[in-house]
Each structure stands twice: as structure tokens, then as C-alpha cells.
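Asker: Dropping the structure in here first, questions after.
The values are calculated or read from the model by the stated rules, or taken from the named source; none is laboratory data. Since the model is a prediction, treat every value here as computed from it, not as a measurement. Note: ideal-geometry Cβ built from the backbone for every residue, glycine included; neighbour counts use all protein chains shown.
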Amino acid sequence: MVTAVAQRLASQRKEIDDTLAAFALSPTQLQEVKAKMRVELERGLKKDSHPTASVKMLPTYVYRTPDGTERGKYLALDLGGTNFRVLVVKIRTGMRNSVRMYNKIYAIPLEIMQGTGEELFDHIVQCISDFLDYMGMKNTRLPLGFTFSFPCNQTGIDKGDLVCWTKGFKATECEGYDVVDMLREAIKRRNEFDLDIVAIVNDTVGTMMTCAYEDPKCQIGLIAGTGSNVCYMEEMKNIEFVEGDEGQMCVNTEWGGFGANDNIEDIRTRYDREVDGGSLNPGKQRFEKMTSGMYLGEIVRRILIDLTKHGLLFRGRITERLKTKGIFETKFLSQIERYIRSILQHLGLDSTCDDSIIVKEVCGAVSRRAAQLCGAGMAAVVDKIRENRGLDNLEITVGVDGTLYKLHPHFSTILKDTVRELAPNCKVDFILSEDGSGKGAALITAVIDKYLYAMRFSDETLRDIMARFRREMENGLGRDTNPTATVKMLPTFVRSIPDGSEKGDFIALDLGGSNFRILRVKVSHEKKQTVQMESQIYETPEDIIHGSGSRLFDHVAECLGDFMEKQKIKDKKLPIGFTFSFPCAHTKLDEAVLLTWTKRFKASGVEGMDVVKLLNKAIKKRGDYDADIMAVVNDTVGTMMTCGFDDQRCEVGIIIGTGTNACYMEELRHIDLVEGDEGRMCINTEWGAFGDDGTLEDIRTEFDREIDRGSPNPGKQLFEKMVSGMYMGELVRLILVKMAKEGLLFEGRITPELLTKGKIETKHVSAIEKSKEGLTKAEEILTRLGVEPSEDDCIAVQHVCAIVSFRSANLIAATLGAILTRLKDNKNTPRLRTTVGIDGSLYKMHPQYARRLHKTVRRLVPESDVRFLLSESGSGKGAAMVTAWASRLICSDPPYITCHSFTAKKKKKNAVS
Ligand code: 0WK
Ligand code: 0WK
Ligand code: BGC
Ligand code: BGC
């Protein structure tokens, strides 16, 4: 006799089973889901159907998974999962698992997630600022990979408009806007640090990259967490709305949107519709709302309420807590196995044993369906890849992350089983991402940045380069070490800067920079000392500077004759100061032997010769005028003198132009190669040769080596070739060619123009980095090279220019820092106050160069007050100053031109220096 209780229990059971039956998907239903998902994947890829597809199939501009060559230090942001993380990731090559990471988790309060976009991005930047402070990295401009776990319409690796918020986010004025721009704006608003946002990636893509670093077969990324989504490597030819048919690109499916066209209404339950109705984005993300952590708890809660309303649970008593939306967290589903009682207590539910069982069943049914649905979706993806490759059987790995997958006791198993059943021709391995997608974002940044990372230097590295250069300076000054020193530290026989007593009428020649200039310099003493200058620029044709020395000096003499003609001073024997911007070994002021040509010059028969003699010979040969070459000075010395005329503190001269170099006032007692210990003498460092002995091999890149191989003086001036204007444009061109070959630029288009040496000049680099019109300039210049650049190509090229010019400014800051600390030590002062005179087209023309150089110098030499004084009138004026004294030397014995000979100090002296 079936009792009433048993009957009641049986009907209750049936009611519960009926409720849960809606969650039990049959193999057929799952096959259908797989088939429908497959249709949506295809629709998302097709040009015509893409705009209306429910599974958006968004391009990511990630063309390959890591190959183990990635390296460098990167910042990464990871926004959109349970936690917001800021990370620093250090990747070293060689041993596959050599990635060191440090991260900090920051909360994103609800009012920020659902406030204004500005507040959200200001909050993100605040967290970055805190992290950089914590890591002591506020001054290092690191490249950043941004994991942004929301659907973005990307048009490049660092450009993506937010399609729509999902999960718990709803910040205003963000949808439809470029996420990278919003972050850049927020960083600008804070104006505290600088970052290079190199890549924006979806968390599925970050996860795939993280796992592919361990397992090269990993070509799919799955997130089963707060949200639900998959990405995979698709054939470019199948992605109809993206240019190009070669190779692969990772596609972010955004399968969370599956069902938007009502094609899974047959399996959606009324609980699903309730949850959707009560969500922040009703009607959207229907598949996600059946499969992801944000919603499973809520589905369970609504079923429990429904069953309770029907008296099937908790004796029909619904507590306030159970009525609270979102109170039944998805983690409860994972924990229910173990802690059912305490969870129901936590919800104020006085549960019976049966209640617990029923609640467990409900949780099981909901999570099982979620795992099965994800399994069906995954089966569609792996089968598509198998067919893409025309394989009967596919072996592939899926990288997975997400709290639901990680914490739920059965989710992963059910998912795997479902994939195995629905895609029997695919052997699918699942590997859990241990390190999160931040590592993946850093790896993507490394792939993008692959050619650039080696050009970024931390302050630590710059200080190391500073110390290396300091050692080279000492080698150059030392009698025994000078012969093998790379940084030659050439004595100039200039003993001080102008003291205001100079006067006279002089001619100055200025050869070796981008222009050959002849000047007439009149220094007079009406009321105060004034300098009048007239100058003319003369050509130095290629065939002259590459021809014979005599032709070169004949040309100089001819121009000089022409100039004197125009100045009507042919009959006058004016003293000449000769700025000769090449490394010369002086034995006295007007005796200078060219050690080696640099930059574009290669005239034969000059190296090892005294250039004053060669010029005098050429002038004599003409016989139409007479000249008295009183001094040869390096352009750095001329620049220091020119600036010293206006600022008595100037004791350093730097050129950052076609070439680069520096001079400074050194204590005579430290210059072993020159007699005397009193006072100072200007030393021409010739820092362009720094590294010629291999000391910079660890920071030179393949592009630097290619530049050197193609230069007129291979193996020489290696530092100069990394930083100066003659080579910067070419460095950029070589990097662009490489990136284009990798398909990272111009869709892989390589034109004869792009392959032509010198087609990108340094003035182009300066133009492209202009903040306002830079991108337009980039487009113009790249279009001229025939590569039909897209807007992102222009942004990427601007980025490459920034990295190359930034490296130059940083490296010069390091070598200048070494000179400044030496001056400080020489003076034995706690704080150096000095002025640096500067000239050169790169320093003058480049929009950001000066600011970057000054900033880095101040960071590297904090105990100094350095004024950077731009030489307005060129080194000719400075040369005239030197000549003024040289000519007075003849008639009297003024202080700063030395009669010291180039004879090395007696042996004993070295011990003390
Ligand atoms: C950890 C990843 C992150 C992703 C998250 C998803 O680093 O990018 O968004 O997993 O899992 P959730 O935290 O939403 O469970
Ligand atoms: C202008 C100076 C000249 C120097 C030149 C360097 O007057 O002596 O050689 O700057 O800059 P560049 O012309 O190589 O850019
Ligand atoms: C987002 C995806 C993301 C997924 C997992 C979804 O809501 O639309 O972009 O990958 O959550 O975090
Ligand atoms: C030369 C230096 C010169 C510098 C700047 C280098 O190539 O070796 O003597 O000062 O260019 O013009």
C-alpha cells in the first residue's frame, strides 16, 4: 500500500526530476549544439554574415604562438576576470621555462565597474602607479601587454574598440571606444609615468599563449571562469573580413554570444531567461549565461527558489537571503560537494538531509550542463581545425584558465568527456594555465616587441653602460692603456673656455657635419664683447668625400677661395680655425693627424696625415690667396667653446648629429699623454668608437650588426652606429623590413623601395614621432615606399621609431653620465653644477630627443645640476674663439693655449692618476 507520504515524495521527486530534466542534455541535443556552434563559427568568419553573426569571431592580430625566442621585460595588465592583476614579466631565452613574474592583485570596486569609463581607467592607472612604485620601476618605460577580457573589435595588435561590456562591468562611455586610447589618455591625465602599450589581448588569447609556451601543440585558449570564451588559431584564408590569405591568425570567438539569434532557445530554460532578464545585459551573452561562473550560482538560486515555492525544498520557506540576487555564488557549486550544510546555513536555510541532496542535484545539473555545453562548443572548434587542416585525426592542446574550470570538482572532466564523445577524431589535451593570461600577454608583447625589446634599457643596464664607458675613459687617459683603448680620449690642446678677452677677425671652416660651412667671425669689444658672423654652406659631393684626399682638400681650398672672394678678403691673411669633425691625434693646436674617417667620409690618402698640412698644400697649390690655419678643433670642442662664450660653466661639448661625440675639460694631471699637471685640458673622447672592442656586444642587436656590415667602416664606430643620425633611419628601415617579413606589418608586403638602403632617413624618424602630425607623416613616407600602410601600420612604425630614438637618447645619457660623474669626482664636489653645450641635427630636429636625454641624465646622475645649452651658431664661432687665442699665442703667451708637447708624462706619474 503506497502511503500518501511515499506518493507525495514520488510526485515531489518527479517535480524535481522534471525541473532538472531541462538541464539534462541528450547526446543528440549536444550534437545539435555542436553543429549550431559550427554554423555560427562559419557565419562569424564570412564577410557577409560576420556583421550579424552571434559568435563574433573577432580577429586578434596574433599570427603565431611563442617559439621560445621571446625575451625581455614586460608589464602586463589582466582585467576582466575575478581579479585585476598588474604584473611584471621577465622572459629569458634558452631554458624554456625561464619566465619570472611578479604580480599584485587590485580590487575593482563595483562603483568603478559600473561608474564612468574615465573613473575606471583612472583607477586602473592608479593601480599601475602603485605597482610601479612598489617595484621601483616608475622611470622605466616598459612595453605593456593589456589582457582585456571583453569583446573588442581589433584593427591591430594595439588597437581595439570595446564591442560591449559583459560580466559585471558596465562603465559608461566605453562601448565603441578604443580601449588602448582610453588607457593612454588616463596615463596622460595622471602624468606620472610613461608606458608603451604594445598589445591588447583577450584573456583566452593570453591563456593560449601562456600554455603554448609550455606546449607548442597548444593552439586553443579556453576560459571557463566568471565568463566563458574560446579562441583558436584559424587559417587567414578563412577569415574573410581580414586582408591576406597566408598563414594563421588567432580568432577570439566570443562564443558567449552564441544564441543571440535564438538558435538555442530549445535548450534554454525559463531559469536561464530569468537570469538573463535580471542581468546587466539582457538578451546578450546567452550561451555565457548558461555556462559561466557569473551566472551558474544565480541559475541554481532561482531553481532553489522555484522548488522551495513548490514546497519541494526547505519546507517551502524562502529566506530573505535566498531571495537576494547573486547570493548563491558559483563557487558554492564547486564547494557544495564538501560543505553543503554550511553553505545552506550561510544562506539561513534550515535544510534537511533531503534538501542537501536536492540542492546538490540542482548544482550538479546546472554545472554539468555548463560543462557539456562548453564541451559541445569545443568539439565544434577542434573539428573545424581538423577540417581546416584536411586531417582525419587531429592532435591538439587547449590552454585553459578560469575559476570554474579550476575549482569545480567535475566541470573539467565532464567537459573533456563531452569533447571526446562529440569530436572522436580529435585527441584533445587540456593544460591548465598556471600563470594566468598576463604571462601570455607579455609573450605576445615579446613577439611584437621581439625586435625592439633588446633596444629597451632599464636604468640598471644604463648604469652598467655608464660604468663601462667610465672604464674606457680611464683606459684612454692612461699611458699604457691608451694604445689599445677604443675611446681614444684625444688631447685637444685647448686649456679653457673663452674668457671674454677674445677679439679679432677670423675665418672658420666647419667640415664633417651634414653641412660644410665657411664662416667669417668678427669678435669685437665695443661696449661688451660681440661676435658677428657671416657664413656660407658649400656642397661636399659624394665623389669628393669618397675620392682622393688631395681632391677633397682642393675642394675645401676652392670653397675657401670662393668665400674669401665674396667677402673681399682674398688679399687678407686672416687666421683660420678649422673645425674638422673627425678623430685627430693632435701634437699641438695646429697639427692634427687624422686617425680614421667616420660618417660618410672616405677620401683616400688622408688617414695618418696632418690635415693642416694637406689643406695648406691645397691652398698653396692654388696660389690665389694666403691663409693661416691657426687651429684645428673637433666640432665637439667648437661647440663647447661656442656655448662657453655665453655660459662660463660650460665644460662639456656634445654632438648628436650625423655622427656623435663628446669632449670635456679634464684635469691635466690625469692626461698621461700630455706634459704638465696644472690646470685642465679639453679632451675629445671620440666616444663613437665605444664598443669597437666588443664591450657592447650584449646590447647590440642584429640590426646594429647589419648596419655595421653595410657601412664604409665595418667594425668601427659601433656606438655611433647605434645612436647617431647617420644610421637611425636605416636602423628603423631594417626593423620594418624584418617585421614585414614576419607579417607583423603591411600584411607582409615588401616593396623594392622598402628594401632600398637609406630610403628611410633620420629626418623621417623625427617627423614620424611628432605627436600631432606624426601619423600622417608616417603614412606619407610609407606610402612613398609603396607598402600601402594601414593606420595600425603607421602606429606600429611610429612605435618602432620611438624605440630606436629612445635607445639613442638613453645610451648617450649613459655615456654623458660617465663624463659628468668624472667631472664631479675630479672636482671632488658632492654636487656637480655644470653646463653641456650641444649641437647636431638629431638633437635639434627630433621632437622628443632632448627631453628624453635630459630626463635620463638627471636620473642617472642625480647629484648634479646640468644645464643643456643648445649651440645656436654652430662650432665655427667656437673655432674662431680658439683661433683668437692661437693667434694671440704667437704674439704673447696667454693661458689657455698650451705649449705643452704631446710627450707622455714621466713613468712615475701614472701611479697616482
Ligand atoms: C585568469 C587569467 C585572466 C582570466 C581569468 C578568468 O589570468 O586573464 O580573465 O583567469 O577566470 P576568472 O577569474 O574569471 O574565473
Ligand atoms: C653643427 C656644427 C658642426 C657639427 C654639426 C653636427 O657647427 O660643427 O659638425 O653641427 O651636426 P650634424 O650636422 O652632423 O647633424
Ligand atoms: C568576454 C570574453 C572573455 C570571457 C572570459 C566574456 O564575458 O566577452 O571576452 O574572454 O568573458 O573572461
Ligand atoms: C667623429 C667625431 C665627431 C662626431 C660628430 C664622429 O663620427 O668621429 O670626431 O665629433 O662624428 O660630428
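Asker: Contact list please: Cβ distance under 7 Å, first residue in segment 281-294 and within 12 Å of Gly168 (Cβ to Cβ), second residue among the charged types (D, E, K, R), pairs at least six apart or on different chains.
Answerer: Met294/Lys167
Asker: Here is a check on your reading of the model: is Thr598 closer than 19 Å to Ser887 by Cα, among the hydroxyl-bearing types (Ser, Thr, Tyr), within 42 Å of the chain's Cα centre (by Cα) and buried (at least 20 other Cβ atoms within 10 Å of the Cβ)? Please lay out each step first, then the result.
Answerer: On the way: closer than 19 Å to Ser887 by Cα: no; among the hydroxyl-bearing types (Ser, Thr, Tyr): yes; within 42 Å of the chain's Cα centre (by Cα): yes; buried (at least 20 other Cβ atoms within 10 Å of the Cβ): yes.
No.
Asker: Further, regarding this structure: Say whether the condition of being surrounded by fewer than 22 Cβ atoms within 10 Å (Cβ to Cβ), in contact (Cβ under 8 Å) with a residue 60 or more places away in the chain and either away from ligand 4 (no atom under 16 Å from the Cβ) or of a type outside the set (A, V, I, L, M, F, W, C) (or both) is met by at least one residue in segment 579-586.
Answerer: no
Asker: Now, a different point. Would you mind stating whether Ile157 is under 26 Å from Leu222 (Cβ atoms) and under 17 Å from the mean Cα position of the chain (by Cα)?
Answerer: yes
Asker: Further question: Does Lys777 fit the bill of being over 18 Å from Ile707 (Cβ atoms), surrounded by fewer than 16 Cβ atoms within 10 Å (Cβ to Cβ) and free of Cβ contacts under 8 Å to residues at least 24 places away in the same chain?
Answerer: Considered against the rule, which asks whether it is over 18 Å from Ile707 (Cβ atoms), surrounded by fewer than 16 Cβ atoms within 10 Å (Cβ to Cβ) and free of Cβ contacts under 8 Å to residues at least 24 places away in the same chain, Lys777 comes out as no.
Asker: Now for a different question. Give, as residue ranges, the strands (runs of 3 or more DSSP E) completely inside segment 613-692 that count at least 1 residues that are aromatic (Phe, Trp, Tyr) and within 13 Å of Thr492 (Cα to Cα).
Answerer: Filter on segment 613-692 gives 660-667.
Asker: Leu734 versus (1) surrounded by fewer than 18 Cβ atoms within 10 Å (Cβ to Cβ); (2) in a helix (DSSP H, G or I): which is the lone unmet condition?
Answerer: That leaves (1) as the condition not met.
Asker: Mind telling me which of the residues Thr413, Thr484 ends up being out of contact with any strand residue (DSSP E or B) (no Cβ under 6 Å at 6 or more places or on another chain), within 30 Å of Glu361 (Cβ to Cβ) and more than 16 Å from ligand 1 (Cβ to nearest atom)?
Answerer: The unique qualifying residue is Thr413.
Asker: Run Lys617 past the list (1) under 30 Å from Asp562 (Cβ atoms); (2) buried (at least 22 other Cβ atoms within 10 Å of the Cβ); (3) not β-branched (Val, Ile, Thr) and report the number of the one that doesn't hold.
Answerer: For Lys617, the exception is condition (2).
Asker: Looking only at residues that are out of contact with any helix residue (DSSP H, G or I) (no Cβ under 8 Å at 6 or more places or on another chain) and touching a residue at least 24 places away in the same chain (Cβ under 8 Å) in segment 562-571, which one is nearest to ligand 1 (Cβ to nearest atom)?
Answerer: Only one residue fits best here, namely Phe563.
Asker: On to the next question. So in segment 218-239, with the set limited to residues that are in contact with an Asp or Glu (Cβ under 8 Å, 6 or more places away or on another chain) and outside any strand (DSSP E or B), which one is surrounded by the fewest Cβ atoms within 10 Å (Cβ to Cβ)?
Answerer: Looking at residues that are in contact with an Asp or Glu (Cβ under 8 Å, 6 or more places away or on another chain) and outside any strand (DSSP E or B), I get Lys237.
Asker: Which of the residues belonging to segment 557-596 are of a type in the set (D, E, K, R) and in contact with a Leu (Cβ under 8 Å, 6 or more places away or on another chain)?
Answerer: None - no residue of segment 557-596 is of a type in the set (D, E, K, R) and in contact with a Leu (Cβ under 8 Å, 6 or more places away or on another chain), so the list stays empty.
Asker: From Ser496, Ser581, Ser535, which residue is within 17 Å of Ala879 (Cβ to Cβ), within 16 Å of ligand 2 (Cβ to nearest atom) and out of contact with any strand residue (DSSP E or B) (no Cβ under 6 Å at 6 or more places or on another chain)? Step through it out loud before you land on a result.
Answerer: On the way: Ser496 fails: within 16 Å of ligand 2 (Cβ to nearest atom); Ser535 fails: out of contact with any strand residue (DSSP E or B) (no Cβ under 6 Å at 6 or more places or on another chain).
Going through Ser496, Ser581, Ser535 in turn, just one is within 17 Å of Ala879 (Cβ to Cβ), within 16 Å of ligand 2 (Cβ to nearest atom) and out of contact with any strand residue (DSSP E or B) (no Cβ under 6 Å at 6 or more places or on another chain): Ser581.
Asker: Select from segment 805-843 the residues that are surrounded by fewer than 18 Cβ atoms within 10 Å (Cβ to Cβ) and touching a residue at least 40 places away in the same chain (Cβ under 8 Å) and write down the one among them that is nearest to ligand 4 (Cβ to nearest atom).
Answerer: Asn826
Asker: Every residue in segment 593-605 that is in a loop (DSSP other than H, G, I, E, B) and over 14 Å from Leu673 (Cβ atoms), please. It would help to see each step written out before you state the result.
Answerer: So in segment 593-605, the residues in a loop (DSSP other than H, G, I, E, B) come out as 595-603, 605.
Those that are in a loop (DSSP other than H, G, I, E, B) and over 14 Å from Leu673 (Cβ atoms): Thr596, Trp597, Thr598, Lys599, Arg600, Phe601, Lys602, Ala603, Gly605.
Asker: Hey, among the residues in segment 846-889 that are among the aliphatic types (A, V, I, L, M) and closer than 17 Å to Asn810 by Cα, which one's surrounded by the most Cβ atoms within 10 Å (Cβ to Cβ)? Before the answer, list the steps.
Answerer: Residues of segment 846-889 among the aliphatic types (A, V, I, L, M): 850, 853, 857, 860-861, 866, 869-870, 879-882, 884, 886, 889.
If we keep only those that are closer than 17 Å to Asn810 by Cα too, we end up with 850, 853, 857, 860-861, 866.
Details: Ala850: 17, Leu853: 25, Val857: 22, Leu860: 21, Val861: 22, Val866: 19.
Among those that are among the aliphatic types (A, V, I, L, M) and closer than 17 Å to Asn810 by Cα, it is Leu853.
Asker: Which number in (1) in contact with a Lys or Arg (Cβ under 7 Å, 6 or more places away or on another chain); (2) over 30 Å from Thr269 (Cα atoms); (3) crowded, with 20+ Cβ neighbours inside 10 Å marks the one condition that Thr60 misses?
Answerer: Here Thr60 clears every test but (1).
Asker: Which numbered condition in (1) away from ligand 1 (no atom under 16 Å from the Cβ); (2) within 22 Å of the chain's Cα centre (by Cα); (3) in a helix (DSSP H, G or I); (4) not basic (Lys, Arg) is the only one that Ile124 fails?
Answerer: In the conditions (1) away from ligand 1 (no atom under 16 Å from the Cβ); (2) within 22 Å of the chain's Cα centre (by Cα); (3) in a helix (DSSP H, G or I); (4) not basic (Lys, Arg), Ile124 misses (1) alone.
Asker: Continuing with the same structure: Looking at Val230, Val242, which one is of a type in the set (A, V, I, L, M, F, W, C), more than 16 Å from ligand 2 (Cβ to nearest atom) and at pLDDT 90 or above?
Answerer: Criteria check complete, one pass: Val230.
Asker: Out of curiosity, is Asp262 at pLDDT 90 or above and either within 16 Å of ligand 3 (Cβ to nearest atom) or surrounded by fewer than 24 Cβ atoms within 10 Å (Cβ to Cβ) (or both)?
Answerer: yes
Asker: So, one more: Pairs only if they're at least six apart or on different chains, beta carbon under 6 angstrom, first in segment 594-621 and more than 14 Å from Phe580 (Cα to Cα), second charged (D, E, K, R) and assigned to a helix (DSSP H, G or I); list them, first residue then second.
Answerer: Between residues of segment 594-621 that are more than 14 Å from Phe580 (Cα to Cα) and residues that are charged (D, E, K, R) and assigned to a helix (DSSP H, G or I), the close pairs are Ala618/Asp554.
Asker: Kindly check whether there is at least one residue in segment 753-763 that is assigned to a helix (DSSP H, G or I) and either in contact (Cβ under 8 Å) with a residue 12 or more places away in the chain or more than 30 Å from Glu235 (Cα to Cα) (or both).
Answerer: So far as segment 753-763 goes, yes, one or more of its residues are assigned to a helix (DSSP H, G or I) and either in contact (Cβ under 8 Å) with a residue 12 or more places away in the chain or more than 30 Å from Glu235 (Cα to Cα) (or both).
Asker: Can Ser496 be described as polar (S, T, N, Q), touching a residue at least 12 places away in the same chain (Cβ under 8 Å) and away from ligand 4 (no atom under 13 Å from the Cβ)?
Answerer: So Ser496 fits the description; yes.
Asker: Considering (1) in contact (Cβ under 8 Å) with a residue 24 or more places away in the chain; (2) more than 15 Å from ligand 3 (Cβ to nearest atom), say which one Gly81 fails and leave the rest.
Answerer: (2)
Asker: Within segment 654-666, does at least one residue satisfy the condition of being out of contact with any helix residue (DSSP H, G or I) (no Cβ under 7 Å at 6 or more places or on another chain) and among the small types (Gly, Ala, Ser)?
Answerer: no
Asker: In addition: Write out, first by first residue and then by second, each pair whose Cβ atoms fall under 7 Å of each other, whose residues are 6+ apart or on separate chains, and whose first residue, in segment 295-321, is free of Cβ contacts under 8 Å to residues at least 12 places away in the same chain and surrounded by 23 or more Cβ atoms within 10 Å (Cβ to Cβ) while the second is assigned to a loop (DSSP other than H, G, I, E, B) and of a type in the set (Gly, Ala, Ser).
Answerer: Pairs that qualify, where the first residue is free of Cβ contacts under 8 Å to residues at least 12 places away in the same chain and surrounded by 23 or more Cβ atoms within 10 Å (Cβ to Cβ) and the partner is assigned to a loop (DSSP other than H, G, I, E, B) and of a type in the set (Gly, Ala, Ser): there are none.
Asker: If you go through segment 777-835 one residue at a time, how many are part of a helix (DSSP H, G or I) and of a type in the set (Ser, Thr, Tyr)? Steps first, answer last, please.
Answerer: Going through segment 777-835, the residues part of a helix (DSSP H, G or I) turn out to be 777-784, 791-827.
From what's left, of a type in the set (Ser, Thr, Tyr): 783, 805, 808, 815, 821.
Counting residues in segment 777-835 that are part of a helix (DSSP H, G or I) and of a type in the set (Ser, Thr, Tyr) gives 5.
Asker: Only one of (1) assigned to a helix (DSSP H, G or I); (2) of a type in the set (Ser, Thr, Tyr); (3) modelled with pLDDT under 90 fails for Thr19. Which number is that?
Answerer: The one condition Thr19 does not meet is (3).
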